[in-house]
Every structure is written in structure tokens, then in C-alpha cells.
Amino acid sequence: MTDEAKRPVSVFLVDDHALFRAGVRAELESITEEVRVVGEAGSVAEAAAGIARTRPQVVLLDVHMPDGGGAEVLRRVRPELPDVVFLALSVSDAAEDVIAVIRAGARGYVTKTISSKELVRAVVRVADGDAVFSPRLAGFVLDAFADRPGSAPISDPELDLLTPRERDVLRLLARGYAYKEIASELFISVKTVETHVSSVLRKTQLSNRYELSRWASDRRLV
Amino acid sequence: MGHVPEQVQRTPETAPPEAETVVIPAPRSAVEETGPPKLHRRRSGRAVAGVAGGLADHLGVRVLWVRVTFALLGGLGGVGLFAYGLLWVFVPQNAKEEKKEGTAKDRQQAFGLIALGVGLSVAGGALSGLFSGWVAAPLTVALIGAAVVWREADESQRRRWRTGAKTGVVGTLSGAGGWSAAIRILAGAALVMTGVGVVLLRSGSMEQIQFALLAVLATLIGVAVLTVPFWVRLVRDLGEERRARIRTEERAEIAAHLHDSVLQTLALIQKQSGDPREVARLARGQERQLRSWLYGPSGYGDKEKSGSEGLAPSGGRLSEAIATACGEVEDSFAISVQQVVVGEAELDEPLTALVHAAREAIVNAAKHAGVDEVSVYAEVEPTAVTVFVRDRGKGFDPDTVPDDRHGLADSIRGRMERNGGKCRLRTAPGEGTEVQLEMPIKVGKVA
């Protein structure tokens, strides 16, 4: 771990606003040695090429972009570079946008108003293989897995339901608790919290639940 | 959000046809481009109207075979001609195709096939005894007349027709097109009249009932053939015009909104740039407003997909009420309130009380906790709505609160209990504060 900590995490920025990329880059580079920006891109094609060239550890991915957005970048890059980790970074409040990138394989989601320090922490955490759930994402996922009356028959109960524990963890995440606080609240270890969060992410990505794809329209019907 | 009324009014018109099929990952811009290629009539290298060419392009076969098929079908009681005519009316011409002329041999072949098709149709009609020679001649005259008018109505005259669509029927038939168009239309109409007239005269002297019927039929066909292309195009042009108008209106609305909100705020920020707290407050307020306008439940970005559901009265939803409350506190206390709402419910009296209590709790946190961020989490469950208001601030010892402080006692606990809800408090000095509010709801209220 000590060796790892010394080597900065390489980060690639994808956002269609050059100004935003410049801002993030400046902030990341000025406040910490922990991350190093190795490249940036403003479009889906540019991102696919740039990521293949620079082989970063983490890609900070904008959700809303022309020609398909973050989900499209994920679809193009992931089959060839499964080791690259994606962290969605968005100003969007539209849950379907965010869920789409998470479904496509992003390891987490943070909003653009996040402080630079927190962003660095999130980058390091996803680089270590952890999932990063902002309270808002936790809310979106809870919503997506909600058992509403009249919802579709469950095809794979193993995947399509959250366990009560996972639900508790997500609720606390949505309430703004840190992992440590969740652990002490539920009388479990931080490691267990991480396991639950990872399993929720896996379910979100693998779930066949009809709900997840039909979700956007369902939500509007309520 | 002063623009809500206009948005709501226009919602049905702006809903695109793909409204029902939108699913999560579809990027909005890409949705329109997908789907099978549309059938278009060819603009160039055509013998009559480009129907056969367009069909050949669409099916990926040689145009010659399509023409032969039409010609042969003409022998089957004129089916080929009828099909061709229908396609002519209903298939739009390709607007973007580049110009390329067919070879002379190709054209010759095409005209040969047209003659063959018409000949087969007439012969087929005559052989099957559908009409006698006497009727065939005027009917042919009428059809040729109609074809002339029709030709005039084709999209080669598109612009004229479009102006026509705006100036009304009279303008379409006479003006805008110039003398040649008028003469051709009159000639076509005259030919149709002649055909109809001959049939009528003939039937009068023969006193045969089927001739009278045929005359009526001929008249109807004449009228239909004269007007159908006009109506089809009129409807199409009107649709196009309406789309253009909606786009313009939408753009104007966006511009107005940006002027009212973003530009004003930026101007204010320039003036206040010495005061970071004020700048942050302005920016936060503006961000929230724009965000709800773009992505919110009744927001702009949602409108096109949600269709008529957007007509629900705004402010009637729990999530919106909570967002409004959080926004108000953000603005008046210059703190940031992070709010997450899971599920949705219609507001009724107890839930309104819940929102008020939550607002009071947020205000308390903003006033006393000494932090600049408060988390609000609301969840709608089948039997109850719970709200958590939490800060990581100073915290306090509930037992030492002086009796004259009524905030928590009356505004929060009292309000909750009067409406059948519960209020729990978790706090200790230095530990932050969390207010938990729970309000049971009637079954069926959960949406």
C-alpha cells in the first residue's frame, strides 16, 4: 500500500466543456500529488482514442455529452480495456442519465459541485476498486429497485432485489453518512459496508429487472 | 419558473411521436435518426413521378423490374396504375437527393413500359367488360386531365404550393404559380369536365342506369383526383409550418428564461464579486433554479418525454415541495442543502405538515449548527413517509434547551403529532444533529 500511495493515480478527463476540463485539471493538479491528469477529451470518439492511447487508471466521465454521452464512451472502451475504471461526474439531475452510465459499467457517480478534496478521494477510492456512491446516486438506485405495486415480475430474484442490509446501507448513504458512520450505525465493519456497496453496484449493473430499463417512464407515470 | 403556464399549454403539441418508446439509455439526439430508411420518390432519372425509382432504391432491386411489375399489374384490371397513383400521392419526394439523369435508353425503356402498362390496363378493362368503348374514351380523357393537374401539384412546384398553403385554396389554385400553372390547371379541369360531360350526355340519351352510375363515379373520381393531392400537401405543409413555429417559440422561451435567470445572476455576481458568501448564494440559487427548469419533475428537459403528464398541477408533489423548502432555506441562510428524495407521493394535509416540519428542522440546522451543509433525505414507503434532516454541526443537549425556545417543540414536534406523525431527535454536543420525521400515509396515496 505504501508503494501504491506514492505513485499518483493517472486520470483521464472526458467532458464536452473545455472550460470545465481546464478547471478540474487545475484543481486536481494544484491540491494534490495523489492524482495526475494524463489526458482529456471533449467527444466520444476523442475519448475512445485518448483512453486507448494513454491507458489511465481512472476516467472521469461526463454523463451528458453529444453523440451518446458517457454511456457510449463506456460501451466503446470497456470491451477492449476492462482494467480502466470509470467515475461518472455530472451536473445532471436526470436519474435516467446517471443510471445509464452506472448500468454501462461506471464504478461510481459524483456531482460536479463536489469539492476538489472529495473528488480526489473519490478518484483514489475507485482506483482501489471501491464503488463511490454519492447520496444522490444512492437515492436513484433505491428508487430504481423500489418494489412498487404493479411492478413487473422479477426474473432473477437473486439479482433483482436488494437485501434488507443493502437497502439499509443505501439509505444511510443517501442520508449523507460516511462509510465509517454507516458501519457504526449498523454495527458492522467498514469492510462489510464496502462489500454491500459493491454488491449493490453489481446488481445495478447486472440486473435484468424490467424496472431498470422501463424505469424512466414508470417514474413519470407516478 | 414563471414560464410554467405556457409550457403546460403547449405540451400536447410538442410531444414528439416517439414519446412512448423512449427508454433510459437513449441519447436524445440519436433517437430521431434511427429506424428503417424512409421510402422516397426519386427526384431525378424518373419517367413519371419517380415512384418506381424510389421503390427500387428502397427494395434494393433494379428500377427496370419495378417498372415491368407495374406495367404487368396494369393488365390486372388496372391494379398497377392504381398502385402507382396511390404511391404517387402518399410517398414524399426525396428532398436531399443529388441530381443524376438517367440514360436515354433507360428513359426510352421507361416510356415503353408506361405505354404497355396503360395499354394493358385499358385492354384488360375492355376485355373484362368493365366498361365499353364508349365509356373508355371519356374516362381516359378525364384521367389524362387529372394527371395534368396532378403533375402540377407535384413537388417540383413545392415552393409554390407552400405559399399556397399559407394563402388558402384560391391562392393555391390561381395565384403564386403564375400563368402557366393556372392555364394547366384550367386545362386539366376542362378535360375532366369534358370526360364527365360526355358520359353524362351519353347516359341521358341511352337511359341506361349503369351509365348514370358510371357518370357519378367518374365525377367523384374527377373531384377526388383533383383535390386529393392538394389536401395531402396542405396537411403536410401545415404540419411543417407548425413544427417550425413550435421550434421558434421554444427558442424564444429558452432565450427569455436565460435572460431572466442566468444573465441577471451573472450581472449581480459581477457587482458582488467582493463578497464570496453572496456570490456563492447567488450561484447556488441560480444553479438550483436552472437545474429544476432543465431536469426537474415538471422541468423543461422532461416535458418532451412526459407528454400530458406534465399537466399535473405543480407543487402538488412531495418531491417538489421538499425541493422548494430546501431552496428557500438555501437562499435565506446561504448554506447548501443536499436533498435526496426517493419515491413520490401526492401532497395532502399531513404531508404538507411534514414538509413544513422538515423546513423548520432545516432552518434550525442552518441557524444553530454552524455548518454550511445540511443533508435532507426523504423516502416514500408503502405505509409512511420519512424525512431525515441532518447536519454535522455543533449538536446540543436536548435537556438543556431553555423553555422559551419553541422551534423544536411547537413547529416540529407539535406539528407532526397533530397530524398523526412522529418526530425523533438524535443529537449530542459535538455530534451533529439529526431530526427524523415520520408521517403515516393512507394506502393508495403512494404514487
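General remarks:
- For the segment B:338-346, counting C-beta atoms of other chains within 10 Å of every residue's C-beta and taking the mean gives 6.
- Projected onto their three principal axes, the Cα atoms of region A:52-104 cover extents of 30, 19, 15 Å, largest first.
- Geometric extent, Cα atoms of region B:230-297 - Rg, Dmax (angstrom): 19.4, 66
- Region B:339-367 versus region A:64-93: alpha-carbon centroid distance in Å: 35
- For q = 0.09, 0.12, 0.16, 0.19 Å⁻¹, Debye-computed log10 I/I(0) when each Cα of region A:1-130 counts as one equal scatterer: -0.21, -0.38, -0.70, -1.02
- Top positive-direction residue, dipole computed over region A:64-111 with Cβ charges, set A:Leu89, A:Pro79, A:Ala106: A:Pro79
- B:Phe111 accessible area, 1.4 Å probe, all protein chains in place, Å² to nearest 10: 100
- For B:Thr386, solvent-accessible area (1.4 Å; no DNA, RNA or ligand), Å²: 20
- Between region A:45-63 and region B:223-278, the Cα center-to-center distance that results, in Å: 36
- Area projected by the alpha carbon convex hull of region B:308-394, averaged over all directions, nm²: 5.9
- For the residues of A:165-176, the average number of beta carbons from a partner chain within 10 Å of their own beta carbon is 4.
- Charge dipole of region B:319-440 about the Cα centre (unit charges at C-beta), most positive-ward option of B:Ala369, B:Val380, B:Thr324: B:Ala369
- Added length on full extension, which subtracts the Cα-Cα distance from 0.36 nm per residue, A:His17 to A:Arg202: 63.6 nm
- These residues, B:Thr433, A:Thr54, go from largest to smallest accessible area, 1.4 Å probe, as A:Thr54, B:Thr433.
- When +1 charges are put on Lys and Arg Cβ atoms and -1 charges on Asp and Glu Cβ atoms, the dipole computed for region A:1-123 relative to its Cα centre reaches about 300 debye.
- Shielding value for A:181-190 is 0, the average number of Cβ atoms from other chains within 10 Å of each residue's Cβ.
- For B:Thr352, solvent-accessible area (1.4 Å; no DNA, RNA or ligand), Å²: 50
- Residues whose placed amide H lies under 5 Å from that of B:Ser336, excluding near-sequence neighbours: B:Glu373, B:Val374
- Using the average count of surrounding beta-carbon atoms within 10 Å as a protection proxy, the listed peptides B:51-57, A:178-184 rank, highest first, as B:51-57, A:178-184.
The values are calculated or read from the model by the stated rules, or taken from the named source; none is laboratory data. Because the structure is a prediction, the values reported are computed rather than measured. A quick note on method: Cβ atoms are made from the backbone with ideal geometry, for glycine too, and the neighbour counts reach across all protein chains shown. Side chains are part of the model used for accessible areas, which takes the heavy atoms of the whole protein and leaves out ligands, DNA and RNA. Shrake-Rupley method; radii C 1.70, N 1.55, O 1.52, S 1.80 Å.
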